[in-house]
Each structure stands twice: as structure tokens, then as C-alpha cells.
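Where a number appears in this text, it was derived from the coordinates with a stated rule and is not lab data. Predicted model, so just to flag it, every value in this text is computed and none were measured. A quick note on method: Cβ atoms are made from the backbone with ideal geometry, for glycine too, and the neighbour counts reach across all protein chains shown.
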Amino acid sequence: MNRRDVILGATALAGCASMNDAAQIRRPIVIAHRGASAYRPEHTLAGYLLAIEQGADFIEPDLVMTKDHVLVCRHENEISGTTDVADHPEFAERRKAKTVDGAEALGWWVEDFTLAELKTLRARERIPQLRPANTEYNDQFEIPTFAEALALAQQHGKGIYPELKHPTFLREQGLDPVPAFISAVREGGGQSTADIMYVQCFEVGAIRTLAQMSSIRWQCVQLASVDGGPWDQRDTTYAAMLEGDGLRRVAEYARGIGVEKPLIIPRDAGNNLGAPTDLVARAHAANLVVHPWTFRPENFFLPTALRVGATAAQETLRQRGNLDAELCAFYAAGVDGVFSDDPAAAVAARN
């Protein structure tokens with residue numbers, strides 16, 4: 001796979017039908033958010049493989065760390081909602097409360113398990129109330145390591161877009177994900193791997209460290225949400241990082257920004273899409289690519305006007321609506337890629 005083709009886009013396209021036919025933009029990438037999460041339990045090799053089959057350009061594993069310093073793919077280090085750990089009596093005594101980045105939770109934590117112990121667990125659907133069909137795949141798949149996800153992407157000629165989760169918290173536990181990440185990439189292919197990789201984080205320090213690496217060329221992405229700020233720079237807000245000279249400072253260490261959708265197209269009081277902000281234009285002026293998150297097909301996540309059906313019943317909220325229209329609006333706004341739980345929909349809307 002050619003790095004320029006994957007990361008920047010090899011061809012221009014006219015975009016969705018709602019776009020001006022004369023408007024030409026770079027081909028945006030489709031990032032499989034935690035795999036094909038609308039169809040399989042998230043962060044499983046089966047979910048990543050289905051995303052690849054659906055045409056995703058990148059798969060996205062979130063990375064946390066085991067007790068024996070191995071990076072594994074889970075959205076959070078607390079795993080009671082995404083595995084069958086509660087059904088394992090041998091691990092009952094490991095249930096405990098912890099505070100991670102200021103938020104307290106009770107459960108089971110990846111950093112309290114060895115990799116061998118985690119491999120005895122099986123993945124489960126995180127939001128079964130909205131994705132009941134995915135529960136058919138509960139208890140079938142192991143928790144994959146980052147190395148396994150990386151090998152799968154390489155096998156199929158696809159890119160990988162890992163996120164380092166809670167690096168400050170992990171370092172406080174005596175576990176540093178950055179050296180482990182560097183080692184895993186080098187062992188998995190080194191420079192050739194980095195050529196088709198982005199790496200992202202909500203914190204700043206880990207991304208800055210990776211950006212300073214000279215032996216491997218990283219494509220670093222600073223994540224930002226509507227509220228809050230990076231945990232390792234608590235006197236800073238994401239809003240400040242995205243305003244004024246903030247984007248220029250981000251561009252000193254990052255290739256792009258991964259932002260929450262309302263920062264690009266906010267929703268109005270009726271939960272419908274409003275007018276786009278100028279964030280994409282300002283980011284492009286700072287030589288940053290823009291990858292918004294997260295596009296999901298269920299009515300629950302969609303703007304009101306794009307929902308199918310008219311009731312607030314649970315069965316209606318889980319029904320799939322007009323995700324295509326939402327994707328088209330963001331493609332028209334000039335984004336360089338999208339994080340989608342439904343990679344097939346994102347590819348179809350792009351094409």
C-alpha cells in the first residue's frame with residue numbers, strides 16, 4: 001500500500017450527490033472505529049476483519065496495557081462491560097474501584113491481569129440495548145493484542161490507527177505504553193509499518209514524545225472533544241487548543257486533529273445539523289488533516305431529521321437511520337477522513 005494513497009488520498013472525487021459536482025476534494029479515508037462495531041463486538045479480530053472486508057482504509061484499535069506490559073485492544077481499561085470477566089469466579093476478588101483521569105469506576109481492570117489471564121476471557125457487545133444482533137457473537141472472540149491487530153492490517157494491506165488510552169494513569173501504575181508501543185511497531189515492521197499508520201491520543205505528552213522519534217516516522221493526531229482538556233495539561237482546554245494560535249502549536253507536533261463531530265457541524269436545539277464551523281478551513285491552513293468522530297448508524301446517534309420512524313421507543317432508537325446523509329454533510333465540509341462504526345456506509349457515501 002502506498003503511503004500517499006492511503007493517508008492523503010490518491011484521487012479527487014466529486015463527493016456525495018448533495019455536493020457541487022464541480023467541487024473537488026482529496027479522497028477522505030474511512031477509519032473503522034473499533035472495527036466494524038455496528039456489526040460485531042468492538043475490538044475483536046473478527047470486527048477488524050469485517051471492517052477490512054467492508055472497505056475500510058484503516059482499522060482503529062484503542063490500546064491499554066496488561067500487568068506484564070503488553071498492549072491489548074480495549075476501549076477502556078475497565079472491562080466489565082465488554083468481556084465475560086464477571087462470569088469468572090477465579091477473578092472475583094480483583095473487582096475494585098479506581099479513579100482514572102478524575103472519574104471513579106468499579107470493575108475489573110486490564111492492568112491487574114497478565115496477558116495469559118486476559119486470553120481466557122471473551123468479548124461481549126458493549127451496547128446490547130442498541131445492538132442486540134451483536135450479542136449473537138458474545139463469548140466467541142478473544143481480546144486481541146496490538147501486535148495481532150497490526151499483523152491483521154498488514155496481512156490485508158490496510159492501515160492501522162491506534163489510540164493510546166490514559167498514558168498518564170498507566171505510568172502512575174508503573175506501566176508506560178509509549179516504549180511498549182514503539183517496540184511493538186518496530187517488531188511488526190518498523191518504518192514500513194509507520195508509513196501506513198496514524199497514532200492518536202487525547203493527551204499531549206505521549207503524542208509529542210512519538211513525534212520526536214527520528215527512527216520511525218509517525219503520523220501523530222491530537223484528539224479533542226467539545227468539552228474538557230488533556231489530562232496531562234489540566235490548565236489547558238481543547239477549545240483553546242483549537243482556537244487562534246492553538247492549531248499552529250498543535251501542528252508543531254501533530255499531522256492532524258481527531259475531533260468530536262459538533263466541532264465541525266454543530267447540532268441545533270432540535271438535534272439537527274446546523275451550519276459548519278470554520279474549523280476544517282483553519283486546520284487545513286495550519287497543514288493539519290481533520291478526522292471527526294464518531295459516525296454511527298442507529299437512530300439514537302443520528303440527527304432527528306435523519307432518523308427512521310417517529311417514536312422514542314427503544315426499538316426505534318436502535319433502528320438504523322440515514323447515516324449516509326450525515327456522512328455526506330461532513331464530506332462536503334471538507335474533512336479528510338471519518339471514524340465510523342459502519343465502515344461500509346462510510347465507503348458507500350464517499351464513493
Can you give me the number of residues within region 26-54 that are part of a loop (DSSP other than H, G, I, E, B) and under 13 Å from the mean Cα position of the chain (by Cα)? 6
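Listed residues LEU323, LEU302, LEU327; which is surrounded by 21 or more Cβ atoms within 10 Å (Cβ to Cβ) and closer than 30 Å to ALA251 by Cβ?
Values: LEU323 fails: closer than 30 Å to ALA251 by Cβ; LEU302 fails: closer than 30 Å to ALA251 by Cβ.
The unique qualifying residue is LEU327.
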Would you confirm whether or not region 264-272 contains a residue that is among the basic types (Lys, Arg), free of Cβ contacts under 8 Å to residues at least 40 places away in the same chain, under 24 Å from ALA329 (Cβ atoms) and not in a helix (DSSP H, G or I)? yes
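Return yes when VAL185 is under 21 Å from the mean Cα position of the chain (by Cα), over 19 Å from LEU45 (Cα atoms) and β-branched (Val, Ile, Thr) and no when it is not.
Working: under 21 Å from the mean Cα position of the chain (by Cα): yes; over 19 Å from LEU45 (Cα atoms): no; β-branched (Val, Ile, Thr): yes.
In short, no.
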Can you tell me which residue in region 330-351 is surrounded by the fewest Cβ atoms within 10 Å (Cβ to Cβ), limited to those that are out of contact with any Ser or Thr (no Cβ under 9 Å at 6 or more places or on another chain) and not in a helix (DSSP H, G or I)? ASN351
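I need the full set of residues from region 74-132 which are acidic (Asp, Glu), over 30 Å from GLN314 (Cα atoms) and more than 23 Å from the chain's Cα centre (by Cα), in order please. Break it down stepwise before answering.
Here is the first cut: in region 74-132, the residues acidic (Asp, Glu) are 76, 78, 84, 87, 90, 93, 101, 104, 111-112, 117, 125.
Those left that are additionally over 30 Å from GLN314 (Cα atoms): 90, 93, 101, 111-112, 117.
GLU90, GLU93, ASP112, GLU117, listed by residue number.
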Residue check, ASP101 against (1) among the charged types (D, E, K, R); (2) closer than 28 Å to GLY228 by Cα; (3) in contact with a strand residue (DSSP E or B) (Cβ under 7 Å, 6 or more places away or on another chain), all met but one. Which one? (3)
